[in-house]
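Let me begin by presenting the structure, written as structure tokens, before commenting on it.
The values are calculated or read from the model by the stated rules, or taken from the named source; none is laboratory data. Computed from a predicted model, the values in this text were never measured in an experiment. Cβ sites come from the backbone with ideal geometry, for glycine too, and all protein chains shown count toward neighbours. Note: accessible area is taken over every heavy atom of the protein model, side chains too, but ligands, DNA and RNA are not part of it. Shrake-Rupley method; radii C 1.70, N 1.55, O 1.52, S 1.80 Å.
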Amino acid sequence: MEATKFDEREFFRRIAESCTRALLIGRRALVALGLPLLTADYDFWVHPDDVAAFNAAVESLGLIASHTPEEIHSRGRYVLENDEHVDVLAARSVSTADGLVVAFDDLWKRRQTLHLDPETPVAIPSVADLILTKQFSLRPKDLEDIRLLQTLLTEELKP
């Protein structure tokens, strides 16, 4: 892979300008909410109908899809990478570890938009929905993230 000079703000700007239904999930979403975490990659949940447009939006940044849009529709997951790594979930719904079905369209309706700066919006799930996405795998770090998100949710609900 060829190294690129990755510009995170440009990355998020291009996604927003593409008008794709793309939600930042994973630890980067928690960082965007202001939680003090470290992570090396990006995780997105993209509506399956928007995969080609999402990929096209970031291709000029050197991010190349690991599969064609047709393959992605059958797989439901893929990676965009060069010297950056973006895990992309492209399914209409995903089940949590305990069997609860989480639909992309429901999360999209409840999404919140954060701004890295006035020109750089980032769509993320609501805090309650981020907790659901963390229940897809329930790795030890997901359990810690859920604890942090529950604390944040409790703070949001205070008068």
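Please enumerate the residues belonging to segment 131-159 that are in a helix (DSSP H, G or I), free of Cβ contacts under 8 Å to residues at least 12 places away in the same chain and more than 17 Å from the chain's Cα centre (by Cα). Those that are in a helix (DSSP H, G or I), free of Cβ contacts under 8 Å to residues at least 12 places away in the same chain and more than 17 Å from the chain's Cα centre (by Cα): PRO140, LEU143, GLU144, ARG147, THR151, THR154, GLU155, LEU157. Residues in segment 29-51 that are over 13 Å from PRO125 (Cα atoms), touching a strand residue (DSSP E or B) at 6+ places or on another chain (Cβ under 9 Å) and not in a loop (DSSP other than H, G, I, E, B): TYR42, ASP50, VAL51. ILE124 passes every criterion in (1) over 27 Å from ARG75 (Cβ atoms); (2) surrounded by 13 or more Cβ atoms within 10 Å (Cβ to Cβ) apart from (1). Within segment 96-110, the set of residues being exposed (fewer than 12 other Cβ atoms within 10 Å of the Cβ) and in a strand (DSSP E or B) comprises VAL101 only. Selection of segment 1-19 for residues being surrounded by fewer than 22 Cβ atoms within 10 Å (Cβ to Cβ) and either part of a helix (DSSP H, G or I) or at pLDDT 95 or above (or both) yields GLU8, ARG9, GLU10, PHE11, ARG13, ARG14, ALA16, GLU17, SER18, CYS19. Candidates are the residues of segment 69-83 that are in contact with a strand residue (DSSP E or B) (Cβ under 7 Å, 6 or more places away or on another chain) and open to solvent by 40 Å² or more (accessible area, probe 1.4 Å); the one that is nearest to ALA56 (Cα to Cα) is GLU81. So how many residues does segment 51-68 have that are open to solvent by less than 50 Å² (accessible area, probe 1.4 Å) and either under 20 Å from LYS5 (Cα atoms) or among the aromatic types (Phe, Trp, Tyr) (or both)? Of the residues in that region, 8 qualify. One residue alone among ALA128, ALA56, ALA123, ALA91 is assigned to a strand (DSSP E or B), of a type outside the set (Lys, Arg) and at pLDDT 95 or above, and that residue is ALA123.
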